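Take a look at the structure set out below.
All of the numbers you see were taken from the coordinates with simple rules; none came from a lab. Predicted, not measured: the structure shown is a model, and the values here were computed from it. A quick note on method: Cβ atoms are made from the backbone with ideal geometry, for glycine too, and the neighbour counts reach across all protein chains shown.
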Amino acid sequence: MPRLTSETGVLIFDQAKATPGFTIFTTLGLFETTLIDMNGKVVHKWELPGEPGNYSYLLPNGNLLAAIRTTEGILGLPAKGGHLIEYDWDGNIVWEHTDHAQHHDFRRLANGNTIYLAWRLLDEDMVKRHTGGLPGTEHEDGVYGDVLREVNPAGEVIWEWFVGTDMEIEKYPVHPGTWRKEYAHGNTVAECPNGDIVINQRLNGFMGVIDKAGKKFKWCLQEPDFGQQHDVQMLANGNILFFANGSTAATFDGPEVGSRVIELDPADNSIVWEYKTKAPRDFFSWYISGCQRLSSGNTLICEGVWGRLFEVTPDCEIVWEYINPQIVEYEHPVYTGANPVFRAYRYAPDSPEIGGRLGDAV
């Protein structure tokens with residue numbers, strides 16, 4: 001197991017090299033989202049009505065978009081959400097949408113609509129195309145597959161993409177050590193600068209860019225050596241940035257291979273930048289986790305299992321490091337005694353998301 005530490009809060013802060021701003025995160029298992037300054041001081045928080053469906057983030061209008069886990073709908077699959085809520089800065093609900101099949105990720109699109117991942121059962125013929133995985137690990141309902149749903153502000157579904165009809169799933173088998181209850185555990189959906197859609201699927205090590213109009217992949221890559229990655233995104237330069245977990249199965253049960261944050265050029269799938277450590281145990285989160293390229297060129301990294309948020313320069317120097325002090329103290333099925341964070345974001349003081357709402361806070 002990687003190192004544990006009793007130290008929390010800000011451990012490193014190089015003011016000359018770190019990117020100024022405010023960092024948002026949500027502790028899995030706790031019912032609030034927290035915004036901190038560079039010194040780790042809590043400058044704002046939002047109370048949530050239930051357990052988070054992974055994370056929350058700020059929209060350009062300063063509102064918070066969050067997912068809350070519901071107890072209805074499909075159970076027995078990880079990272080369930082079900083209730084999307086948009087709060088204003090003061091915590092008032094200004095928009096909400098319920099889809100009990102929603103899971104993992106959700107994004108507000110440039111057109112004002114919202115896209116999210118959801119589950120849908122595969123039919124018998126689709127299940128036959130689903131290869132790999134451990135026999136006998138299907139869900140009691142059958143096998144679920146990922147569907148992308150785009151809803152307008154009224155909650156009407158205006159666009160869908162489904163693995164069972166829009167993806168050649170037989171070409172991309174899941175890892176032989178993973179379960180077969182779902183194909184293929186999508187954990188990311190994000191909009192590209194040009195309006196295309198990026199998706200990521202953990203159990204088969206697959207990432208791809210979907211042409212929004214034609215629903216076909218413009219680019220895709222299946223690479224098991226990344227270890228079932230998270231938070232795949234397209235940068236402004238057209239490259240792909242993601243957190244490579246380094247895991248070997250749906251839940252970690254393999255050697256300590258270490259995690260990486262990778263930027264690759266989709267033109268030839270070459271790695272143009274990466275962050276990693278010499279000793280695998282020094283950087284290793286086998287599930288959840290994420291990354292964000294900052295305006296300075298630095299990269300904010302969320303080593304999610306350990307609640308560790310840190311910023312590195314292009315030369316991989318750590319210039320800011322924060323250990324989440326929020327511990328899940330009640331009896332939780334997964335997170336008791338832990339401080340996990342699915343994903344985190346940094347917002348500049350003059351960004352639209354902050355927009356002067358914090359006064360003189362720095």
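Taking the radius of gyration and the Kirkwood hydrodynamic radius from Cα positions alone, what is the Rg/Rh ratio for the chain, to two decimal places?
So for the chain, dividing Rg by the Kirkwood Rh gives 0.94.
Once both labels are modelled 7 Å past Cα along the beta-carbon direction, what's the Trp159-Ser351 spacing in nm?
Modelled inter-label distance: 2.4 nm.
So if I take the centroid of the Cα atoms in the stretch 8-75 and the same for the stretch 266-281, what is the distance between those two points in Å?
Value for the Cα centre distance between the two parts: 27 Å.
With θ set to phi - 60°, apply the Karplus curve 6.51 cos²θ - 1.76 cosθ + 1.60 along the stretch 258-270 and write out the HN-Hα couplings as whole Hz, x wherever there is a Gly or Pro.
These are the phi-based 3J(HN,Hα) values: x, 9, 9, 10, 10, 10, 10, 8, x, 5, 9, 6, 7 Hz.
Tell me what the chain gives for mean residue ellipticity at 222 nm when only DSSP H runs of n ≥ 4 count, each as -39,500 (n - 2.57), the sum divided by the residue total, rounded to 500 deg cm²/dmol. The partial results should precede the final answer.
Values: 2 runs with 10 residues, N = 362.
Rounded to the nearest 500, the figure is -500 deg cm²/dmol.
If you build a Gaussian network model of the chain, linking Cα atoms that sit under 10 Å apart, which residue out of Gly238, Gly164, Gly53 swings the most?
Gly238
Using the structure shown, list the pairs from Lys171/Lys278; Lys181/Lys216; Lys171/Lys212; Lys17/Lys41 with a Cα-Cα distance above 29 Å, or answer none. If you can, show how the numbers build up before the last one.
Numbers: Lys171/Lys278 34 Å; Lys181/Lys216 25 Å; Lys171/Lys212 21 Å; Lys17/Lys41 19 Å.
Long pairs (Cα-Cα over 29 Å): Lys171/Lys278.
For a quick check of your reading of the filter: which chymotrypsin sites (Phe, Trp or Tyr not before Pro) in the stretch 257-358 sit in a DSSP loop and have no more than 13 other Cβ atoms within 10 Å?
Numbers: sites: Trp273, Tyr275, Phe283, Phe284, Trp286, Tyr287, Trp306, Phe310, Trp320, Tyr322, Tyr330, Tyr335, Phe342, Tyr345, Tyr347; in loops: Phe283, Phe284, Trp286, Tyr287, Tyr330, Tyr335.
Passing both the DSSP loop test and the Cβ count: Tyr330.
Can you tell which of Gly81, Gly133, Gly155 shows the greatest fluctuation in a Gaussian network model of the chain with Cα springs below 10 Å?
Gly155
I'd like the GluC sites (Glu not before Pro) in the stretch 269-362 restricted to DSSP loop residues with at most 13 other Cβ atoms within 10 Å, sorted by number.
In loop regions of the stretch 269-362 (DSSP not H, G, I, E or B), the sparsely surrounded GluC sites (Glu not before Pro) are Glu317, Glu329, Glu331.
Using the Kirkwood radius over Cα pairs, work out the Stokes-Einstein diffusion coefficient for the stretch 74-128 at 4 °C and 1.567 mPa s, in µm²/s as a whole number.
Value of D from the Cα-based Kirkwood radius: 99 µm²/s.
Could you pull out the GluC sites (Glu not before Pro) across the stretch 126-187 that fall in loop regions by DSSP (anything but H, G, I, E, B) with no more than 15 other Cβ atoms inside 10 Å?
Glu140, Glu156, Glu168
Regarding the stretch 223-315, what whole-number volume in Å³ per residue does the convex hull of its Cα atoms give? Numbers along the way, then the final one.
Working: hull volume 8.6 nm³, N = 93.
So the per-residue hull volume is 93 Å³.
Based on the Cβ-Cβ distance of Phe13 and Glu72, what FRET efficiency does E = 1/(1 + (r/R0)^6) give at R0 = 51 Å, to the nearest 0.05?
For Phe13 and Glu72, the calculated efficiency is 0.70.
Take the alpha carbon atoms of the stretch 112-149, find their center, do the same for the stretch 193-234, and report the distance between the two centers in whole angstrom.
Taking the Cα centre of each part, the stretch 112-149 and the stretch 193-234 sit 17 Å apart.
List the residues, sorted by chain then number, that are 5 or more residues from Ser285 or on another chain and whose placed amide H is less than 5 Å from its amide H.
Those lying under 5 Å, H to H, from Ser285 are Ser259.
Which three semi-axes in whole Å describe the equivalent ellipsoid of the stretch 48-166, each the square root of 5 times a Cα gyration tensor eigenvalue, listed largest first?
29, 16, 10
State, to one decimal in nm, how far the label point of Ala236 lies from the label point of Ala279, with both points 7 Å from Cα in the Cβ direction.
3.8
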